[in-house]
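*Asks:* Have a look at this one before I ask anything.
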Amino acid sequence: MLARISARELAAWQVFERLTGPIDLRERIDAAAALIAERITNCLTETKGEPPEAADFMPRWDTQRIEWEQGGGDDGDDS
């Protein structure tokens, strides 16, 4: 798509996204789910210190992958 639009149109879309939020629907769904999780958590729990914010529930896609330890899980091996 980037090969088919002009630099002026790309700049216009960048300004639009800066003003309205992410264009990519996946990012908006993550933000909405994080906001819901934050509100439910703050309503149902008593936290010591600062209550969690919506950003605390956002997935962090740019962090390192978690390496799971072997054993202790249900891997179908009953030996």
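*Asks:* Looking at the range 1-20, which of the residues that are among the β-branched types (Val, Ile, Thr) and modelled with pLDDT of 85 or more is surrounded by the most Cβ atoms within 10 Å (Cβ to Cβ)?
*Replies:* Taking the range 1-20 first, the residues among the β-branched types (Val, Ile, Thr) are 5, 15, 20.
Pick out the ones that are also modelled with pLDDT of 85 or more and you get 5, 15.
Working: ILE5: 12, VAL15: 10.
Filtering first and then ranking leaves ILE5.
*Asks:* State which residue is nearest to the chain's Cα centre (by Cα) when the search covers only the range 21-52 and only residues that are at pLDDT below 90, open to solvent by 70 Å² or more (accessible area, probe 1.4 Å) and not hydrophobic (A, V, I, L, M, F, W, C).
*Replies:* Among them, the one singled out is GLU27.
*Asks:* Evaluate the following for SER79: is it exposed (fewer than 10 other Cβ atoms within 10 Å of the Cβ), polar (S, T, N, Q) and at pLDDT 80 or above? Outline the logic, then answer.
*Replies:* On the way: exposed (fewer than 10 other Cβ atoms within 10 Å of the Cβ): yes; polar (S, T, N, Q): yes; at pLDDT 80 or above: no.
It is false that SER79 is exposed (fewer than 10 other Cβ atoms within 10 Å of the Cβ), polar (S, T, N, Q) and at pLDDT 80 or above.
The values are calculated or read from the model by the stated rules, or taken from the named source; none is laboratory data. Worth saying up front: this structure is predicted, and the values here are computed from it rather than measured. Heads up, the Cβs are rebuilt from the backbone with ideal geometry, glycines too, and the neighbour counts pull from every protein chain shown. Only protein heavy atoms, including side chains, enter the accessible area calculation; ligands, DNA and RNA are left aside. Shrake-Rupley method; radii C 1.70, N 1.55, O 1.52, S 1.80 Å.
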